[in-house]
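Here's the structure, in structure tokens; my notes come after.
Read the figures in this text as sums done on the coordinates, not as results from a lab. All figures in this text were calculated on a predicted structure; none of them were measured in a lab. In this analysis, Cβ positions are derived from the backbone assuming ideal geometry, glycine residues included, and neighbour counts consider all displayed protein chains.
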Amino acid sequence: MWIVRCDGGQLAEAFIDQQMVALGWRDVGSLKGIDARDKIIARVKEVWPEYKPMKAVIAGSQLNKLANVMKIGDRVMTYDPSKRIYHIGKIAGEYEFCPAEDERKVHRRKVKWEGQVDRDSLSVPTKNSLGSTLSVFELSPAAVSEIDAVLKGIPFKTPEAENTLEADVDTKNLLEDLKAKATEFIKDKVVALDWEEMQELVAGILRAMGYKTRISPQGADRGKDIVASPDGLGLEQPRIVVEVKHRPNQQMGSQEIRSFLGGRHKDDKGLYVSTGGFSKDAKYEADRASIPLTLMDIGDLVELIIEYYEKMDMDTRSLLPLTKIFWPS
């Protein structure tokens, strides 16, 4: 059983009324006679050379599924988000290209719609499995079995569906997976910043935490890139002296920590940021430092970014634009 949806499910009514499922990408032209996935991907790359490689692969693969992989008699499903209903049918015709139609539904397969399932009648694991950013994908056997049971009016119970706690755990696991992926994506963006941008980002985080910052000019900084303090001049305590090392593939060692500590005053507090992390010796050196010293790797940095993002000024946010996602608590 396949899911086909377009434009976030906004074309569900058109799919039902016109007895079909469809995809966009009109400019790629007709796919009749192009029976290989690689050839369709190559066509996509030719039409949209600005596409990044993975985007072209995803687009070409979905078009190939609609045009070549789906067979007459295969089962298909689409979702109407306004009514929270999944419509189920069977592929009833070969691939068609209809360039005169709405550009969102030019690559088509005829469908005989046969039934529908309310989303609220499905278990949490199955509902979770139906979520995807893809326009075309195949359902898992477990999801198909549950949908078939609901279509027949048979109470379908799995251990997950019977146990609310387990369903909650399944949803929580999905959330944790999304959080983990989001964290890694943010790290990717942080690593892509240049050194000056990284310095500005760290200063912006400190300002969001309530400090005023002074960034050292380029050149010999005598072991400090940023000074953060209540007055912004470093005259009031706490005076936090910050060193920023943006070398994602290079750990900082004990020598770098000793060099940083060598120029500190007894009342200073130190913050050493290294996107490449720290060696064991560096951590040992920090533990026995004569002043309070915090080592911050890229994981610690991203945690602070997430915690204080909404308090950051616009200049800092512009370095790392993020979107907030809401999730049921």
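For Gly24, neighbours were defined as the other residues whose beta-carbon sits under 13 Å from its Cβ, and their charges (Lys and Arg +1, Asp and Glu -1) total 0.
Computed about the Cα centre, the dipole magnitude for the stretch 2-156 is approximately 260 debye when only Lys and Arg (+1) and Asp and Glu (-1) carry charge, each at its Cβ.
Computed over the chain, the percent of Cα pairs more than 24 Å apart is 67. Note on the stretch 2-156: the C-alpha convex hull projects to 9.0 nm² when averaged across all orientations.
Site pair Asp148 and Arg119 shows an inter-label distance of 2.5 nm when each label is modelled 7 Å from Cα along Cα→Cβ. Relative to a virtual label point 7 Å from the Cα of Asp313 in the Cα→beta-carbon direction, which members of the stretch 181-216 show backbone nitrogen distances below 16 Å? Inside the label zone: 197-216.
Each of Cys6, Cys98 was scored by other Cβ atoms within 10 Å of its Cβ. Listed from fewest to most, they are Cys98, Cys6.
The share of alpha-carbon pairs in the stretch 251-304 lying farther apart than 17 Å comes to 30%.
So if I place +1 on the C-beta of Lys and Arg and -1 on the C-beta of Asp and Glu, and nothing else carries charge, what would the dipole magnitude of the chain be about its Cα centre? I want it in debye, nearest 20. With only Lys, Arg, Asp and Glu charged at Cβ, the dipole is about 520 debye. Here the extension length gained between Asp27 and Arg214 equals 62.1 nm, from 0.36 nm per residue of separation less the Cα-Cα distance.
What does the extension gain come out to for Ile291 and Glu197, with contour length at 0.36 nm per residue minus their alpha carbon separation?
Values: separation 94, 0.36 × 94 = 33.84 nm, distance 2.76 nm.
Result: 31.1 nm gained on full extension.
Note on Gln250 and Lys83: the model spin-label points, each 7 Å out from Cα along the C-beta direction, lie 6.2 nm apart. Neighbour counts of C-beta atoms inside 10 Å place Thr275, Thr171 in the sequence Thr171, Thr275, starting with the fewest. The residue among Met54, Thr126, Val273 whose Cα reaches farthest toward the positive pole of the charge dipole of the chain, with charges on the beta-carbon of Lys, Arg, Asp and Glu, is Met54. How much of the calculated P(r) for the stretch 195-319 lies past 21 Å, in percent of all Cα pairs? Roughly 36 percent, rounded to a whole number. Using a cut-off of 20 Å between Cα atoms, the listed pairs Lys65/Lys110; Lys152/Lys172; Lys187/Lys324; Lys65/Lys112; Lys179/Lys212 include Lys152/Lys172; Lys179/Lys212 as exceeding that distance. Taking other residues whose beta carbon is less than 13 angstrom from the beta carbon of Lys83, and scoring Lys, Arg as +1 and Asp, Glu as -1, yields -2.
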